[in-house]
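Visitor: Structure in structure tokens, see below.
The values are calculated or read from the model by the stated rules, or taken from the named source; none is laboratory data. Bear in mind the structure is a predicted one, so any value in this text is a computation, not a measurement. Glycine gets a Cβ as well: all are built from the backbone with ideal geometry, and neighbour counts include every protein chain shown.
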């Protein structure tokens, strides 16, 4: 089948690309646009390493077709910092050593950002259940949860 | 230079070591800039895909690739004919041994397919869609054979035979018939029969554990590019770029120096990325196609065709006096190796009773092949399985003797000078300190409610040293580049930079660590065995001392004094006490600026075989609640206490403890490989292979104990593996106290727990 | 005789996916699972007979129900509806489905809308679980339905997954379905013959199969306004705390009179039979009672008795039967609390 032409907004920038109907948004981000920050850990929506925010909703990019992004806004890890100013979540992850190998980190950061935009004062339980779709095998989640709670507190104060 | 002893380790004041700076590679990781195995794209690149056996056990009668080769867009097709057949030869890969004859067959099947998912052929094509189409056109004729999955069944006389040339090693006389038992090992001390005779209480139990996977979130991935003259570049996610180079060179019949391997950032390994799967295939395809070939495993391929760890049957018998002194201990371990020999049964045997000071010990182990993927290392390979069994029986003994489980362990704890069952006498070790810290921790005294129980378990892992190189290059402005050769799987490059900065006496941000490719350094053994902070750290410190010697020589030249009159303090060359009058100290920048005139570029090097890695001991405490109506086990509270020797970056030591504990929780409660009757894996995905999710676990509290390792300049011990050793027993012990039921099978999933609870209730009702 | 599949056209030539000679196992046969919320029964497929995944697939995004109906009719069964995509994309990837056309219904405003009126709620079949879960009116009226749809998958899955997809994927273990059944929800269907309404419990006819006719698709759900002193609840048992497919799922909805006696009840049961069930006997155990321990015990027994489960990698028969009763009791208690609070 011929490719579809799609226009979308990615991290605030207008983007156009061609994709085959069966290509996922994750395939497009990584292999067409070379935005490799979103990772493929499973391809079936079970690990959250491909988390992006699509029209304001946290989703797995591996479960969205590239063509479905037509006219949508997509936020990925690459858009989280503003120039050289890191988002508080990014800073807190570094300060709290909330990453070891780092492959799950983009997914967690995007998911946590979506959480704090919706719920600026989550409890530990709320953080854990919101992030249950993001798998980490290195950290045991402890420092990740602390970093998210810490960032939430800092964002509230500012 | 090997043994570097430091006097007064306990008194040294560190400036950088022991602090918690930001890791130098951190910003790239939180912005998505860091490049992992699948993140590389190069022009003209092809996509490679593997055809895998659908059968657990089958003879391969023929493979016809002609239609695949003819498909437009296909640039290369390979089978085992495109790789070297190698003779049997064992070499170390991390803490396990690998055999080249087996490796060439595991990477691509020759005579037989030995597990579902075993690679049979591979293609490289212009797109993933064409590559998948090409796989479907490859015609493989199989003769399906009966298969065996269970270790006990594989040991029976009439079990289906995987290898007809497998005669058990370690048995006298040599067996007349081949079998599925590759090896028998034995470790013994004293006289266990006499020891049991002295015991007042003897407990004997049999345990069953299931194969589990390391569960790294990043699938295997690589990109190979072979030029027309046979030189090659390989980018891959690996725990050891030098190991990959060596294996691939052998499998492809290349000289090692012609293959440059670059380690990408690695998205988790835990031992599972210490061997090769896709890499030789990508190289062979690229060699045929004369184009770069990228290969990435799907999640299902990772589960089916990489290297989980063994499932096992373990029998343990321990006897003790009524006063709580263990008089004898025995164990028999039967570990599945998967399709080729090489389970971690030997380290499992060695560790089983290692935390204890015993006069009479006997451990026997069997390495057994079955029709499952060949096992690879998984964090303290072999140890978690045997120590789960032993720590469970220790707990039962403590209960039977009415002794507190920590007290019982203290009465029998190994200390400095204890002779281990597997041979050596221990140097200083921290088991007693971790037990005492557990006993005095508030967790141990916190009240428990109905259906709740508290469990304790200790754990031991040896840790290794090994061949390591490091280089420090002094920039013209005094900044330093550190080139290390061990991939960073958990934040180690931060610790290495910290040790370089500490030794040089400069600020951390003046050191930039990079992980070099195989052309940048001499041979480095892989990242594994908890060896990087210890071995690469030792190499970095030695390289720093080498550089300091040269810096002092240059200062001596500038000042025209003997080199003995120059000392290095706080990052500067200074005149030694009294000598030279008012000479201003020279910084790295000062010396670097004139390096060309004083003798040339300044570099510090080390090429060592690090010895003296000290074991790391731990004690874990866990509280669980068991729902008696559904069998669901909830982990309420967890405390991990471990001896780190010297914590270079405490946050990353804590991280290792927390990560290992949670892997252990998964192993204890929900993780297992599930096969159907035809030997096919039913749960090759994260949906039904259930690793802990964020809401499954509480905060993991940590306590770092420091009993310095005198064989390392800063007292460092490896810490990465020990954390996964205690959790399964700790949880089984907690569940036993919550329910009164001793679980000897892992995982303790809700259906198994509920069945046991209901059976106990029924038995009580009858009584 | 193994099924070789239909001949496929490829780049102008015709080839037949063929089987190799030898024993039956010579085919690349394998169990192909659609992962998310799908049937507990494996379907063995001749993988070599399938066309390359998605190679012939095209995509359309109609903006009206009529347009969607026309597209589905034109492809005569070879088109697949795409709503949230959280089941469909997994099935596409594993080759479990092989449509020529994917019809994205999210562009039809009616299918995304969540509306309330005097009668109750109309929820579009393609509204995401996240959107429904944020609707204050639905949450207040049917908290059991909302807690069920908020258990599907993860936060990311709920950002896309829909009630239409969860129902039509027809997994016996779908989380929203027992709660919708207990709530007495009606399913609104559009097709070549017009529109019709069907109780949700009559939609799934077997694992992976629905009673929808060819060319029909679900456009929405109707939930009545709950009676006074009514409450509903949904509980499921999974081995972890999130992410798993339900091993057992129970939805209970009940109504109490002023004296606290149960006058109406419905019990929906999932993951313990080839389809989600409406368990009339379980409801009868509650009606006329004060939802006391005796009634709850009868409810549990009736629920367990209604189970026709299988042993699979997620749970055993014995386990499911036992736990179904336990969850029914617990869910009914919560529903009673909620009813009494109104």
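Visitor: Could you tell me which of the residues A:71, A:37, A:79 is out of contact with any helix residue (DSSP H, G or I) (no Cβ under 8 Å at 6 or more places or on another chain), within 13 Å of chain B (Cβ to nearest Cβ) and touching a residue at least 24 places away in the same chain (Cβ under 8 Å)?
Guide: Sole residue among the options that is out of contact with any helix residue (DSSP H, G or I) (no Cβ under 8 Å at 6 or more places or on another chain), within 13 Å of chain B (Cβ to nearest Cβ) and touching a residue at least 24 places away in the same chain (Cβ under 8 Å): A:79.
Visitor: Another one. Go over the candidates C:164, C:144, C:184 one by one and state the one that is surrounded by fewer than 24 Cβ atoms within 10 Å (Cβ to Cβ) and either closer than 21 Å to residue C:224 by Cβ or at pLDDT below 95 (or both). It would help to see each step written out before you state the result.
Guide: On the way: C:164 fails: surrounded by fewer than 24 Cβ atoms within 10 Å (Cβ to Cβ); C:144 fails: surrounded by fewer than 24 Cβ atoms within 10 Å (Cβ to Cβ).
None of the other options fit; the residue is C:184.
Visitor: Can I ask one more? Looking at the stretch A:117-158 only, could you name the residues that are within 14 Å of chain C (Cβ to nearest Cβ), buried (at least 24 other Cβ atoms within 10 Å of the Cβ) and in contact with a strand residue (DSSP E or B) (Cβ under 9 Å, 6 or more places away or on another chain)?
Guide: If the condition is that a residue be within 14 Å of chain C (Cβ to nearest Cβ), buried (at least 24 other Cβ atoms within 10 Å of the Cβ) and in contact with a strand residue (DSSP E or B) (Cβ under 9 Å, 6 or more places away or on another chain), then A:130, A:133, A:134, A:141 are the ones that fit.
Visitor: Among the residues of the stretch B:124-158, write down those that are over 14 Å from residue B:68 (Cβ atoms), within 33 Å of the chain's Cα centre (by Cα) and not in a loop (DSSP other than H, G, I, E, B).
Guide: B:128, B:151, B:152, B:153, B:154
Visitor: Moving on. Mind checking which residues of the stretch B:119-146 are farther than 23 Å from residue B:46 by Cβ and either buried (at least 24 other Cβ atoms within 10 Å of the Cβ) or away from chain C (no Cβ under 13 Å) (or both)?
Guide: B:142 - this is the single residue of the stretch B:119-146 that is farther than 23 Å from residue B:46 by Cβ and either buried (at least 24 other Cβ atoms within 10 Å of the Cβ) or away from chain C (no Cβ under 13 Å) (or both).
Visitor: I'd like to know if the stretch B:627-648 contains one or more residues that are modelled with pLDDT of 95 or more, out of contact with any strand residue (DSSP E or B) (no Cβ under 6 Å at 6 or more places or on another chain) and within 14 Å of chain A (Cβ to nearest Cβ).
Guide: Yes, the stretch B:627-648 has at least one match.
Visitor: Give just the number: which of (1) surrounded by fewer than 24 Cβ atoms within 10 Å (Cβ to Cβ); (2) under 27 Å from the mean Cα position of the chain (by Cα); (3) closer than 29 Å to residue B:484 by Cα does residue B:637 not satisfy?
Guide: So residue B:637 meets the others, but not (3).
Visitor: Please specify each residue of the stretch B:82-93 satisfying the condition of being crowded, with 23+ Cβ neighbours inside 10 Å and either touching a strand residue (DSSP E or B) at 6+ places or on another chain (Cβ under 9 Å) or within 25 Å of residue B:291 (Cα to Cα) (or both).
Guide: Scanning the stretch B:82-93 gives a single hit, B:83.
Visitor: Hey, any hits in the stretch C:272-282 for a residue that's crowded, with 19+ Cβ neighbours inside 10 Å, at pLDDT below 95 and closer than 30 Å to residue C:208 by Cα?
Guide: No; the residues of the stretch C:272-282 include none that is crowded, with 19+ Cβ neighbours inside 10 Å, at pLDDT below 95 and closer than 30 Å to residue C:208 by Cα.
Visitor: A further question on this structure: Inside the stretch B:169-179, can you point out the residues that are within 30 Å of the chain's Cα centre (by Cα) and free of Cβ contacts under 8 Å to residues at least 24 places away in the same chain?
Guide: B:169, B:170, B:171
Visitor: Sort through B:86, B:161 and tell me the only one that's assigned to a loop (DSSP other than H, G, I, E, B) and either without any contact (Cβ under 8 Å) to a residue 60 or more places away in the chain or within 14 Å of chain C (Cβ to nearest Cβ) (or both).
Guide: Answer to the check: B:161.
Visitor: Right, residue A:66: crowded, with 21+ Cβ neighbours inside 10 Å, touching a helix residue (DSSP H, G or I) at 6+ places or on another chain (Cβ under 6 Å) and facing chain C (nearest Cβ under 9 Å) or not? So that I can check it myself, show each step before the final result.
Guide: Numbers: crowded, with 21+ Cβ neighbours inside 10 Å: yes; touching a helix residue (DSSP H, G or I) at 6+ places or on another chain (Cβ under 6 Å): yes; facing chain C (nearest Cβ under 9 Å): no.
Judged against the criteria, residue A:66 is not a match.
Visitor: Of the residues B:727, B:692, B:723, which single one is in contact with a helix residue (DSSP H, G or I) (Cβ under 7 Å, 6 or more places away or on another chain), within 14 Å of chain A (Cβ to nearest Cβ) and over 30 Å from residue B:403 (Cβ atoms)?
Guide: Testing whether each residue is in contact with a helix residue (DSSP H, G or I) (Cβ under 7 Å, 6 or more places away or on another chain), within 14 Å of chain A (Cβ to nearest Cβ) and over 30 Å from residue B:403 (Cβ atoms) leaves just B:692.
Visitor: Would you check which residues across the stretch B:573-621 are in contact with a strand residue (DSSP E or B) (Cβ under 7 Å, 6 or more places away or on another chain) and within 30 Å of residue B:733 (Cα to Cα) and list them?
Guide: Selection gives B:615, B:616, B:617, B:618, B:619, B:620, B:621.
Visitor: Here are some conditions: (1) crowded, with 24+ Cβ neighbours inside 10 Å; (2) under 27 Å from residue B:708 (Cβ atoms). Residue B:386 meets all but one. Which one does it not meet?
Guide: Failing condition for residue B:386: (2).
Visitor: Continuing with the same structure: Having 2 or more residues that are without any contact (Cβ under 8 Å) to a residue 40 or more places away in the chain is the bar; report the strands (runs of 3 or more DSSP E) wholly within the stretch C:138-245 that clear it.
Guide: On the way: elements: C:186-191, C:194-199, C:204-206, C:217-224, C:230-237.
Qualifying strands (runs of 3 or more DSSP E): C:186-191, C:194-199.
Visitor: When you check residue A:98 against the structure, is it in contact (Cβ under 8 Å) with a residue 24 or more places away in the chain and more than 7 Å from every other protein chain (Cβ to nearest Cβ), yes or no? Can you show your working first?
Guide: Working: in contact (Cβ under 8 Å) with a residue 24 or more places away in the chain: yes; more than 7 Å from every other protein chain (Cβ to nearest Cβ): yes.
So residue A:98 fits the description; yes.
Visitor: In the stretch C:82-103, how many residues are farther than 24 Å from residue A:42 by Cα and modelled with pLDDT of 95 or more?
Guide: Residues in the stretch C:82-103 being farther than 24 Å from residue A:42 by Cα and modelled with pLDDT of 95 or more: 2 in total.
Visitor: Need a quick list: strands (runs of 3 or more DSSP E) entirely within the stretch B:467-582 having at least 3 residues that are closer than 21 Å to residue B:22 by Cβ.
Guide: In the stretch B:467-582, the matching strands (runs of 3 or more DSSP E) lie at B:480-484, B:511-515.
Visitor: With the requirement that a residue be within 22 Å of residue C:64 (Cβ to Cβ), within 14 Å of chain A (Cβ to nearest Cβ) and assigned to a helix (DSSP H, G or I), what does the stretch C:86-137 give you?
Guide: C:88, C:105, C:106, C:107, C:112, C:131
Visitor: Shifting gears a bit: Of all the residues that make up the stretch A:2-32, how many are more than 16 Å from the chain's Cα centre (by Cα), within 11 Å of chain B (Cβ to nearest Cβ) and touching a residue at least 12 places away in the same chain (Cβ under 8 Å)?
Guide: 4
Visitor: Going by the conditions given, is residue A:109 in a helix (DSSP H, G or I), out of contact with any strand residue (DSSP E or B) (no Cβ under 8 Å at 6 or more places or on another chain) and surrounded by 24 or more Cβ atoms within 10 Å (Cβ to Cβ)?
Guide: So residue A:109 fits the description; yes.
Visitor: With a cut-off of at least 2 residues that are touching a residue at least 60 places away in the same chain (Cβ under 8 Å) and within 14 Å of chain A (Cβ to nearest Cβ), name the strands (runs of 3 or more DSSP E) lying wholly within the stretch B:37-80. First the steps, then the outcome.
Guide: Values: elements: B:46-52, B:58-64, B:74-78.
Qualifying strands (runs of 3 or more DSSP E): B:46-52.
Visitor: Quick one: count up the residues across the stretch B:671-684 that are crowded, with 22+ Cβ neighbours inside 10 Å and within 13 Å of chain A (Cβ to nearest Cβ).
Guide: 2
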